[in-house]
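Step one of this worksheet: look at the structure below.
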Amino acid sequence: MGGKNILLRKKIMALITNAIKGTQDTLPKESYKIQYVESAVRETAENFGFHEMRTPVFEHTELFQRGVGETTDVVQKEMYTFEDKGGRSITLRPEGTAGAVRAFLEHGLFNEGLPQKIYYLTSCYRYEKPQAGRLREFHQFGVECFGAGAPSADAEVISLANEVFNYLGINNLALEINSIGCPECRKHYHKALKEYFEQYKGDLCETCLGRLDRNPMRILDCKSPVCSGIAEKAPTVIEFLCDDCKNHFESVKKYLDAMNIEYTVNPQIVRGLDYYTRTVFEFVSKEIGAQGTVCGGGRYDGLIQEMGGSPLPACGFGLGLERLLLLMEAQKTPFPEPKKCDLYIASMGDNANIKAAEIATELRSEGMCVQFDTVGRGLKPQMKYANKIGALYTLVLGDSELETGNIKLKNMETGNEIEMTLSDFSENFQSVVIKDAMSGFESLGLEGIDLADILGGTN
């Protein structure tokens with residue numbers, strides 16, 4: 001029995017000390033990268049007049065069945081669905097749009113002036129085969145523009161995504177666009193598709209056979225090599241566009257031309273969700289393997305009505321942050337350096353520890369990063385730790401320094417030490433930091449720069 005218990009314990013410990021397949025941790029040494037990206041997308045979205053919305057991580061399953069589409073891979077194969085204690089079917093959100101539409105309707109945002117322009121940074125969940133750029137838990141930046149039906153709205157959301165890439169210094173992305181028409185012109189397209197795929201019924205996968213009658217367009221999005229091979233020679237939706245959809249698509253292209261945004265028309269793009277109408281688009285990279293779509297979106301004029309609202313046009317996109325980071329790393333895109341520790345106080349003794357906490361509190365209130373010993377280590381281990389965290393300055397504080405009131409501040413880069421008095425250390429420390437920064441500017445030939453400009457000006 002003892003051996004079995006030990007084995008069971010080992011299995012449990014192995015289980016609880018490993019992340020679930022398809023998920024990953026963001027460690028402190030890497031978190032500054034995702035924070036930088038999140039800051040970039042927030043700033044860009046707000047410059048375009050979009051404001052943040054946050055929605056619950058789980059919703060009623062029916063929301064995604066109706067909003068995303070029952071014939072999609074997402075609904076049929078990939079959702080995390082469970083029954084809660086009240087007997088309700090609950091699903092972890094697989095994408096952001098359906099929840100945003102639900103919130104838009106529930107809270108009556110259509111009464112607050114249109115268009116309503118929202119963005120979100122959210123986690124999403126899909127049961128997929130994990131691979132580079134594709135996880136079961138992933139994070140998405142998305143924008144939704146509710147109530148704007150003009151082609152300029154399509155172009156604006158595309159422009160927003162393009163501006164994010166420009167902000168981050170990402171290049172070699174190809175914008176591919178298409179129009180999948182409206183429900184009326186798609187009726188004719190669906191008929192042509194069905195006639196085409198009927199010839200290959202014996203070769204289609206089981207899932208696509210079920211789609212043949214319900215929604216043959218979904219076959220175009222099948223990941224099976226056989227089905228996708230057959231789909232390559234299928235009729236294209238552009239051939240079946242009505243005049244209104246043709247004109248809309250041509251106007252979108254004119255706006256993109258005016259914005260100096262390069263694009264190619266790809267008739268194969270249909271996107272993987274049922275709610276799209278008219279314009280669809282993808283930003284694609286060849287540098288991150290098979291999962292090359294970094295951002296995708298389009299127009300979905302029928303979704304709000306489908307979910308119980310009045311007819312209202314809308315458009316938007318979703319951008320996977322993990323895939324974006326993968327691309328940035330592939331392109332060796334530079335990231336701003338993470339904030340370093342301005343000062344490490346190496347303290348010894350109870351009184352010195354208390355004084356260190358006092359100084360740290362005062363300087364932190366001025367916006368500085370200050371650390372002191374909370375482990376109870378000796379001087380040498382503390383200095384080693386200060387080096388490890390990249391502290392810019394160190395201060396040794398013990399009984400002797402407390403008695404005399406005299407201390408030495410060390411610049412860890414130059415090794416220079418400055419004698420100071422403990423009583424006015426906080427004020428003098430800030431002056432030293434500014435002086436050293438100015439010396440750095442002078443060494444770079446930037447001595448003519450006004451300090452007030454660097455610090456953001458004065459009142």
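Per-structure values
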item	result
Enumeration of residues in region 45-67 that are touching a residue at least 60 places away in the same chain (Cβ under 8 Å), touching a helix residue (DSSP H, G or I) at 6+ places or on another chain (Cβ under 7 Å) and either farther than 27 Å from Ser152 by Cα or of a type in the set (Gly, Ala, Ser) (or both)	Ala45, Thr55, Leu63, Arg66, Gly67
Lys355 over 30 Å from Arg66 (Cβ atoms) and assigned to a loop (DSSP other than H, G, I, E, B)	no
Identity of the residue in region 216-233, over 31 Å from the mean Cα position of the chain (by Cα) and surrounded by fewer than 19 Cβ atoms within 10 Å (Cβ to Cβ), that ends up farthest from Pro183 (Cα to Cα)	Val226
Residue list for region 223-238, restricted to those being free of Cβ contacts under 8 Å to residues at least 40 places away in the same chain and part of a helix (DSSP H, G or I)	Pro225, Val226, Cys227, Ser228, Gly229, Ile230, Ala231
From the options Gly320, Gly289, Gly316, Gly296, residue that is buried (at least 19 other Cβ atoms within 10 Å of the Cβ), over 17 Å from Asn178 (Cβ atoms) and under 25 Å from the mean Cα position of the chain (by Cα)	Gly320
Residue that is surrounded by the most Cβ atoms within 10 Å (Cβ to Cβ) [pool: residues in region 330-361 that are under 39 Å from the mean Cα position of the chain (by Cα) and charged (D, E, K, R)]	Asp342
Matching residues, region 239-252, being under 33 Å from the mean Cα position of the chain (by Cα) and crowded, with 19+ Cβ neighbours inside 10 Å	Cys245, His248, Phe249, Val252
Sole exception among (1) within 22 Å of Cys295 (Cβ to Cβ); (2) modelled with pLDDT of 95 or more; (3) not small (Gly, Ala, Ser) for Thr72, by number	(2)
Test: residue in region 17-26 that is among the basic types (Lys, Arg), under 27 Å from Phe165 (Cβ atoms) and over 17 Å from the mean Cα position of the chain (by Cα)	no
Flag for Gly67 being more than 29 Å from Leu327 (Cα to Cα), surrounded by 10 or more Cβ atoms within 10 Å (Cβ to Cβ) and of a type in the set (Gly, Ala, Ser)	yes
Residue within region 245-258 that is outside any helix (DSSP H, G or I) and closer than 22 Å to Gly318 by Cβ present	no
When residues of region 158-178 are limited to those that are buried (at least 19 other Cβ atoms within 10 Å of the Cβ), aliphatic (A, V, I, L, M) and more than 16 Å from the chain's Cα centre (by Cα), the one farthest from Lys254 (Cα to Cα)	Leu173
Residue tally, condition at pLDDT 85 or above, surrounded by fewer than 21 Cβ atoms within 10 Å (Cβ to Cβ) and not in a helix (DSSP H, G or I), over region 193-215	6
Candidates Ala357, Ala352, Ala346, Ala330 - the one that is within 30 Å of Leu168 (Cβ to Cβ) and either in contact (Cβ under 8 Å) with a residue 12 or more places away in the chain or touching a strand residue (DSSP E or B) at 6+ places or on another chain (Cβ under 9 Å) (or both)	Ala330
Single residue of Ala19, Ala103, Ala98 found to be within 30 Å of Glu329 (Cβ to Cβ) and either out of contact with any helix residue (DSSP H, G or I) (no Cβ under 8 Å at 6 or more places or on another chain) or surrounded by 15 or more Cβ atoms within 10 Å (Cβ to Cβ) (or both)	Ala19
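Here is a yes/no grid of residues against (1) touching a strand residue (DSSP E or B) at 6+ places or on another chain (Cβ under 9 Å); (2) at pLDDT 95 or above:
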| residue | (1), (2) |
| --- | --- |
| Ser251 | no, yes |
| Ile261 | yes, yes |
| Gly272 | yes, no |
| Phe281 | yes, yes |
| Met307 | no, no |
| Ala314 | yes, yes |
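The values are calculated or read from the model by the stated rules, or taken from the named source; none is laboratory data. Please read all numbers here as calculations on a predicted model, not as lab measurements. Methodologically, a virtual Cβ is constructed for each residue, glycine included, from the backbone with ideal geometry; neighbour enumeration extends over all protein chains shown.
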